[in-house]
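A quick write-up on the structure given underneath.
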Amino acid sequence: LTGWLEWGRVSVTGQGFKASLYHPDLGNEVVEGTLFVDHYRLRFRSESLSEEIPAERLAVTHDEDGERIRFEDSARPGLEIVTFDAAVLEHCALPQLERARAELSELAGRRELWRRLRLTGYFLAGCVLVVWLFTWVTGAMVRSLANAVPPEWEQSYGASCLKELQGEGRPDTYSNQVAALAALAVPLLGPVPLGNTTAKFYIVEDPMPNAFALPGGYVVVNTGLLDMSERPEELLGVLAHELAHVTQKHHARKIIDASGPLLVFGLFLHSRSGLLNVLTEGSGLMMIQGFSKELETEADETGWRYLVAANIDPRGMVSMFRKLEESEGQKGRRQVPEAFASHPALQKRIARLESKWKKLPHKDGFLALTNPVPTVRAPRAGGTTRAP
Ligand SMILES: [Zn+2]
């Protein structure tokens, strides 16, 4: 190699830094050695060779992440001495070294900033994860507690709500239609896991197209909903949704959930004996408000599953949603059943069900339903009693 000095002719003093030397003449060989810098030159020495670059020809660069510091000789392209030891830059006051040191310190500042931003990002993601986990765990606990609610409580709670709704000892004037409704629901009930509970149907006179369910298997249908249903599949779509509220214990879940996470954890971890108290205290709330968006969506999905399992065309549910959406638009006020109460918006729910239809593997061969939708259109003579 031209310009290489024999080791021994160069006197090397001062602190050395571990470095590697590359040169085209060496091929792929990398020479490991030690680097020395003073005010006049940079020197490299190894067992087999030594090299020097005068200060005026010395160029100092570094790679993107600032770890490798590269020294080159402007007069001899291809020669490259590399070190990972940044302390070499602080060793002496050559302007090239100072420039590189300034660049590296700026780079380190930027990296520190990024590091902090990254840490902040991790922290926020961690918070989101914790909240999500907390919600998930609480949800699972609420579900487990709701499953522990005794069927007797569901029965008596459902019955007392119904009594309150019927009010004033009003006689059941729709016994024929109720029987027809129960007969119509028979094909649906097969896959609905009601356990020891049986589905009990009621009709109340109310023009609002509404239906709701109560714990204990009570399903209440307004005359307005019967009027709106043209096909049995449509009515069964709503019934499937309502029965899903019952099987998924939505009433108990809602009441338990409303008692707050602290109580939920307490009930779950220590004693379930307080469960009935929570249910009794919270039961007033059930009749005032509907279910959350999550529970409504769950009832849609579960109800859809029941329809499909019963081999009933589930598009009836979608068709009913559409009618209700239309009726909501026409009346310009909340004229929709509990099953469709505002959140999530009907359109979203329709879209979700339509995508379920698209994914359904079997789209024909559904049951031919022969039972007609019960009709109650004939106005009754005398004063009418209004159901709430
Ligand atoms: Zn609902």
- Query: Where in region 137-241 are the strands (runs of 3 or more DSSP E), entirely inside, with at least 1 residues that are more than 16 Å from the ligand (Cβ to nearest atom), at pLDDT 90 or above and surrounded by 14 or more Cβ atoms within 10 Å (Cβ to Cβ)?
  - Reply: 200-204
- Read through the list (1) touching a residue at least 40 places away in the same chain (Cβ under 8 Å); (2) under 26 Å from G195 (Cα atoms), then give the number of the only condition that S271 fails. (1)
- Message: Conditions first: (1) in a helix (DSSP H, G or I); (2) of a type in the set (A, V, I, L, M); (3) exposed (fewer than 13 other Cβ atoms within 10 Å of the Cβ). V88 passes all but one, so which condition is the exception?
- Response: (3)
- Task: Search region 357-388 for residues being buried (at least 17 other Cβ atoms within 10 Å of the Cβ) and within 22 Å of L188 (Cβ to Cβ), and hand back the single one that is modelled with the highest pLDDT.
- Result: F366
- Item | Members of region 283-320 found to be modelled with pLDDT under 90, in contact with a Lys or Arg (Cβ under 8 Å, 6 or more places away or on another chain) and crowded, with 17+ Cβ neighbours inside 10 Å, listed by number | M286, F291
- Query: Among A351, A341, which is the only one that is at pLDDT 90 or above and either over 17 Å from W304 (Cβ atoms) or surrounded by fewer than 15 Cβ atoms within 10 Å (Cβ to Cβ) (or both)?
  - Reply: A351
- Scanning region 31-85 for residues that are β-branched (V, I, T) and touching a residue at least 40 places away in the same chain (Cβ under 8 Å) gives V37, V60, I81, V82, T83
- Is it the case that some residue within region 193-204 is charged (D, E, K, R), in contact with a helix residue (DSSP H, G or I) (Cβ under 7 Å, 6 or more places away or on another chain) and under 23 Å from E296 (Cα atoms)? no
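The values are calculated or read from the model by the stated rules, or taken from the named source; none is laboratory data. Treat the numbers as computed from the prediction; the structure is a model and nothing was measured. Virtual Cβ from ideal backbone geometry, glycine too; neighbours counted across all protein chains shown.
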